[in-house]
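Each remark here refers to the structure printed beneath this line.
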Amino acid sequence: MSQKSTMRAMVFHETGRPLSLETVRVPGPGPDQVLIRVEACAVCRTDLHVVDGDLTEPKLPLIPGHEVVGRVEAVGEHVSRYRRGERVGVPWLGYTCGECRYCRAGQENLCERAGFTGYTLDGGYAELMVADHRYCFPMPERYAPVSAAPLLCAGLIGYRSYRMAGDAVEHLGLYGFGAAAHILAQLAIHEGKRVYAFTRPGDTEGQAFARRLGVVWAGGSDDTPPITLDAALIFAPVGALVPAALAAVRPGGVVVCGGIHMSDIPSFPYRLLWQERVLRSVANLTRADGEQFLSLAAEAPLQTQTRHYALEDANEALSALRDGRLEGAAVLVP
């Protein structure tokens, strides 16, 4: 157990109020939990949706953060999988019931009683945290903590979205070239796909960043790509991108909405959906997604672009993400 009885944490109390740096009690691990000393916690757009009130049912007060890399400090009595000192990763999905129809059908990402790290469960904007050991992942030592943290959501949700696009994809469009897209682009290119990056209109820096990662084309979300796409993944929370992406994919193509929240989708003519185009969303992740993706991440030469912030600068990191001032991902370091 940690020698300290208190820790620093950034705490969310209500929408419209910045996170506050507070000294709080170190949580003790329950029977199925591990106590983790946080080494790094990436800042996700979902965190923004929580603090901005787009996601309306957080536990309060709440310690946000669900892209956590850390070392096990102590284990509960039922935990045999991890030992003190091992590096683990903590994702968004923090608990499932194992009993509902979705869990029984292998769709635990849709569990009716799921718990979510940094939303209904306290997360990693802190020096220490507890997590259910069954929903943690062993993290490869080859990645430094700051580099590994974005893999725990940006990487995982990007990977699930990528899988939902299907196998018949040669030309892949990515709308919103931030934390998720910059990781996924590298994986897709490693697997031989041709990737097309769509940024905010006029974001020439973001487009140059995408080209440096090897995409074959980069432009604004209001531009037409030079070739009809087989699939498009939307990571920006902008509903107006849905008809734009449908217009960019071929007959039989797939558009996947990869975010947990999106502004309203405007009406669009049926011809954009016709010819067996598919429009679908992605919700959360499964532990199988995590195991598969982290195995691939260990094989592919994935590099995460990050900007470091001290824990107490979490509000500044959230503002940078909100304003589109980041290349890659912001990461808090306690």
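What follows draws every value from the coordinates through simple rules; no lab data is involved. Values in this document were obtained by computation on a predicted structure and should not be read as measured data. No Cβ is skipped: glycine too gets one built from the backbone with ideal geometry, and neighbour counts run over all protein chains shown.
Couple of notes before you dig in:
- Length-normalised contact order of the stretch 126-207 in % [C-alpha pairs under 8 Å, at least 6 apart]: 26 percent
- Residues Glu316 and His78, FRET efficiency given R0 of 35 Å [Cβ-Cβ distance, rounded to 0.05]: 0.35
- Segments 323-334, 288-299 sorted - mean Cβ within 10 Å per residue, highest first: 323-334, 288-299
- Tilt relative to the chain, helix 154-164 - C-alpha long axis, 0 to 90 degrees, to 10: 50 degrees
- On full extension, the segment bounded by Val333 and Thr224 gains 35.3 nm, given 0.36 nm per residue less the C-alpha separation.
- Cβ crowding within 10 Å averaged over residues, with 64-76, 102-114, 157-169 ranked highest first: 64-76, 157-169, 102-114
- Cα gyration tensor shape for the stretch 156-281, rounded if a/c is under 1.5, else prolate or oblate: rounded
- Neighbour counting of Cβ atoms within 10 Å sorts the residues Phe198, Phe137, Phe12, fewest neighbours leading, into Phe137, Phe12, Phe198.
- Between Tyr270 and Ala144, the contour length at 0.36 nm per residue exceeds the Cα-Cα span by 40.6 nm.
- Within-15-Å neighbourhood charge of Gly324 [Cβ basis; K, R +1; D, E -1]: -1
- Semi-axis lengths (Å, descending) of the ellipsoid that matches the C-alpha gyration tensor of the stretch 11-55: 24, 14, 11
- Pairs of Cα atoms nearer than 8 Å and 6+ residues apart set the relative contact order; for the chain it is 18 percent.
- Global geometry of the chain, whether rounded, prolate or oblate, following the gyration tensor of its Cα atoms and the 1.5 cut on a/c: prolate
- Prolate/oblate/rounded call for the stretch 203-264, Cα gyration tensor, a/c under 1.5 rounded: oblate
- Once C-alpha pairs closer than 8 Å and six or more residues apart are averaged by separation and normalised to the residue number of the stretch 156-281, the relative contact order reads 24 percent.
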